Amino acid sequence: MEQKRRKKLNDLVSQTGIYHSLLANHPDGIVVLDEVGAIVDSNPAVQAITGYTPYELADMARVANGVPDGAFGELRALFIEASEGRTTTIEFGMRHKQGAELQLHLEFVPLIHEAEQLGLYVVCRDKTERKLAERRLQESEERYKSLFDYNPSGVYSLSLEGVYMSCNDSMATLLGCRREDLIGISYRSAIEDENLERTNRHFAEACRGIPQNYEASIIRKDGQPADLNIINVPIVVENQVVGVYGIASDITELKRYVRRIEQLGYEYTLILNAVSEGIFGIGKDGRTMFANPPALRLLGYEQNEFIGSDNHGLLSHSRSAGIPYSVDECPICATVRDGVSRSVSEGVLWRKDGSSFLVEYTVNPIIDKGEVQGTVVVFRDITNEREILRQKELAEQAASAKSEFLAMMSHEIRTPMNGVLGMTDLLLDTDLNEQQREFVEIVSNSGHSLMRILNDVLDFSKIDAGSLVLEPESFLLAPLVSGTTDLFSSHAAEQGIDLRWNIESDVPEQIVTDPVRLRQVLTNLIGNAIKFTEKGTVTVSVKVIPESGEYDPVLEFRVEDTGVGIAAEKLDRLFLSFSQLHPELNRKYGGTGLGLSICKRLVELMGGTIRVDSRENEGSIFRFTLPCTDFSKSLQTYEIRSDADLIASDSKLPVTEQLGSLRILIAEDHPVNRRLLQELLLKLGYTADTAENGIEAYELISKNRYDLVFMDVQMPEMDGLTAARLIRQMLPAEQVPYLVAVTAFVKPGFEQECRSSGMQEYIAKPISEADIRRVLLDPDSRLRDFLEGRKTAI
């Protein structure tokens, strides 16, 4: 039966010319199989498509036929199904004989002739290119879909009417709604009114085929504003724009950041323009990047001339002496290279017109991501400052020279005056007839007047130089006021003036301020009041100003007289230096015109004020206030001694009995002053050895054990300060005596200089018996402790 079918099939194939023509020219590969799968016929397209002949394919099928899961096994199943009269198809993948991948469409068709199935034929179509195209299209679609769906920016499409046709989730999120809520509505519903016209214009341009990129402000569904950057491109199909694709990015934060940067830039510009210093920046290439108006003004350049120019060559950076820096030496260029900040206290920059000026400048690096990008230079013109400093130095030198001159003149005057006053005091203690005593008193009074003038000049010099230092301490006020007033009692009585003093009951008994300067002010005011009062009264009073505090009261001191008074037109000259309102009386009584000026400055130095009320020929009232501390109410405790306390119970005894025997040395080059010191000590019961210079003093002290040495500071060959240092350094501690500096040199700070050299005490010329007693007996003197320490050491 099979042989008969095969014979019919072969006869059919061999006898039909149309069949052969169709088979040979058909573009698809065709293989004719009998009912058992043997190849009966095939066309050339089979080999053209696969690279294999039909018989090679048949051999491959037979080899693979025993593999049920293989590809050819799958074809076998289709063959059987077609043999049963059903047409079947399969997409079949295989490799070309040369190795390329093929995608084939195989169709198994039953071959029926005269109602009898003789076999089947297989149509093989090459779908490789189509499959590749389909795959590329699918991949493209997937890529587009991914780009569309997963893009962090909002992606959407619009119809030509501006209606959303599609959008991704990011676009819906930008607008604050759901994706499905957006489809079908116009973009115009989200655009702010002020941006709508511009947005419509951009959309219309995109619909005409012109891509657009612009910014727009929108209102989200939750009412919050947002800024978007939008790109619109036309959708073109067959050369026709059918819609618009859009990409929207949220730039709200970026816009806010840009606005902040712009604000900072504006503020930065305001700051740069407002500062008086010149500021400019230099890039890594050494060219100027920016400069503020003060810098351009100081350097004389316009903005376009300065920016972008080589900075070093333009400004010719130089040392203070005007010597130009090389690029390697220039501090500004060095900071550009190494990133190290630098400060130059004095340099030179050159202006556009060729002139130079002194500058002080700092150079700081501009660093970005660890790299030096340039420098910022801040400079200021110090030409005038240097000139002012130079003038100040000259003035200070002149003031110092004046101070040195006054100190030297003081020394030169005080030294002979010390002898004059000391000897007249000694002479007054001798038996003199009435005329002799009158002459000596005239000499003494004239000498003391001269010393007061000298003291006024020196005090004024100290205050003027700012070197007068207050020394506040606690003291009893009443003894100070009464003691100061008592100094003028005899003089007032001689003139028939009633001199009184009064302290109100609420004034603290014990206060803290500088008693020496307070006594000086009172002395000057009382002395003036008596000087310019021919008859009547002079009253000194003290009261508390009611508005002042309980613990820090302000006291008002009044010195009231019934004297000549002061004319109203002269009151404004009263406290001026070297001003004398009554020249005729000053010629009579003497005076420098400095007293009231010194009082004013001392009062102000102590924190108070001074003023005067006066009528000519009726009298004057001088008032000054003084802030102080009520010692009795403060938390501090002091051991206070009033003037009466300073006289200890045993002070009535002779000095020699209080201190015992002392071996004393006087080192003084001036013979009169040597004699004066000897006589003053002799009155107290002591004799003294003498030396005429520091060398003699050191030799005597190194050979003898002295208890006390009065050492003149200014001596020939070796001065007292050098001698004191030498004694401290060279002699054993137990052989060093108690050293007292004696000087007419009143340079500010000189007392401390004496103490630093090793002196324990300091007395100024002219020397009086009171000065010697103070050294020997004053409780504040350390002489007693020194002598006790010596006894203990022995």
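Structure values in brief
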item: Whichever residue in region 193-214 is among the acidic types (Asp, Glu) and in contact with a strand residue (DSSP E or B) (Cβ under 8 Å, 6 or more places away or on another chain) and, among such residues, is nearest to VAL244 (Cα to Cα); result: GLU205
item: Flag for TYR245 being among the aromatic types (Phe, Trp, Tyr), part of a strand (DSSP E or B) and more than 21 Å from TYR144 (Cβ to Cβ); result: no
item: Some residue of region 410-423 being in contact with a Phe, Trp or Tyr (Cβ under 6 Å, 6 or more places away or on another chain) and modelled with pLDDT under 70; result: yes
item: Selection within region 98-128 - loosely packed, with under 13 Cβ neighbours inside 10 Å and within 18 Å of ALA45 (Cβ to Cβ); result: GLN98, ALA100
item: Scan of region 755-770 for residues that are modelled with pLDDT under 85 and in contact with a strand residue (DSSP E or B) (Cβ under 9 Å, 6 or more places away or on another chain), ordered by number; result: ALA764, LYS765, ILE767
item: Flag for PHE405 being out of contact with any helix residue (DSSP H, G or I) (no Cβ under 8 Å at 6 or more places or on another chain), at pLDDT 80 or above and assigned to a helix (DSSP H, G or I); result: no
item: Scan of region 686-721 for residues that are touching a Pro at 6+ places or on another chain (Cβ under 6 Å) and free of Cβ contacts under 8 Å to residues at least 40 places away in the same chain, ordered by number; result: ASN693
item: Residue within region 201-222 that is on the phi > 0 side of the Ramachandran plot and assigned to a loop (DSSP other than H, G, I, E, B) present; result: yes
item: Residue in region 664-677 that is out of contact with any Gly (no Cβ under 7 Å at 6 or more places or on another chain), over 20 Å from ASP719 (Cα atoms) and among the basic types (Lys, Arg) present; result: no
item: Conditions (1) under 59 Å from the mean Cα position of the chain (by Cα); (2) at pLDDT below 90; (3) surrounded by 19 or more Cβ atoms within 10 Å (Cβ to Cβ); (4) part of a helix (DSSP H, G or I); number of the one not met by GLU734; result: (3)
item: Output for region 129-150, where each listed residue is surrounded by fewer than 16 Cβ atoms within 10 Å (Cβ to Cβ) and of a type in the set (Lys, Arg); result: ARG130, ARG135, ARG136, ARG143, LYS145
item: Residues of region 667-705 classified as in contact with a strand residue (DSSP E or B) (Cβ under 6 Å, 6 or more places away or on another chain) and not in a strand (DSSP E or B), total; result: 8
item: Residues of region 688-712 that turn out to be closer than 20 Å to ASP778 by Cβ, touching a helix residue (DSSP H, G or I) at 6+ places or on another chain (Cβ under 6 Å) and either at pLDDT below 85 or surrounded by fewer than 21 Cβ atoms within 10 Å (Cβ to Cβ) (or both), as a count; result: 1
item: Counted residues, region 148-191 - those being part of a helix (DSSP H, G or I) and either at positive phi or at pLDDT 90 or above (or both); result: 0
item: Close pairs (6 angstrom Cβ cut-off, 6 or more residues apart or separate chains): modelled with pLDDT under 80 in region 371-390, among the hydrophobic types (A, V, I, L, M, F, W, C) and surrounded by 11 or more Cβ atoms within 10 Å (Cβ to Cβ) anywhere; result: ARG386/LEU358
item: Region 578-612: number of residues that are under 26 Å from LEU555 (Cα atoms), assigned to a loop (DSSP other than H, G, I, E, B) and either modelled with pLDDT under 55 or charged (D, E, K, R) (or both); result: 0
item: In region 664-687, the residues that are surrounded by fewer than 20 Cβ atoms within 10 Å (Cβ to Cβ) and touching a helix residue (DSSP H, G or I) at 6+ places or on another chain (Cβ under 6 Å); result: HIS670, VAL672, GLU679, LEU684, GLY685
item: Evaluation of ARG198 against (1) at pLDDT 85 or above; (2) surrounded by fewer than 16 Cβ atoms within 10 Å (Cβ to Cβ); (3) under 30 Å from ASN25 (Cα atoms) (one fails), failing number; result: (3)
item: Residues (more than 55 Å from the chain's Cα centre (by Cα) and polar (S, T, N, Q)) located in region 140-171; result: SER140, SER146, SER157, SER159, SER166
item: Cβ pairs under 8 Å, 6+ apart, first in region 297-323 and over 16 Å from PHE357 (Cβ atoms) and surrounded by fewer than 17 Cβ atoms within 10 Å (Cβ to Cβ), second at pLDDT 85 or above and among the basic types (Lys, Arg); result: GLU305/LYS352; GLY308/ARG287; SER309/ARG287; ASP310/ARG287
item: Residue, modelled with the highest pLDDT, within region 71-113, restricted to residues that are touching a Phe, Trp or Tyr at 6+ places or on another chain (Cβ under 7 Å) and aromatic (Phe, Trp, Tyr); result: PHE108
item: Residue in region 555-570 that is modelled with the lowest pLDDT, counting only those that are surrounded by fewer than 18 Cβ atoms within 10 Å (Cβ to Cβ) and among the aliphatic types (A, V, I, L, M); result: ALA568
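The values are calculated or read from the model by the stated rules, or taken from the named source; none is laboratory data. Owing to the predicted nature of the structure, the values given are computational and were not obtained by experimental measurement. As a convention, Cβ positions derive from the backbone with ideal geometry for all residues, glycine included, and neighbour counts pool all protein chains shown.
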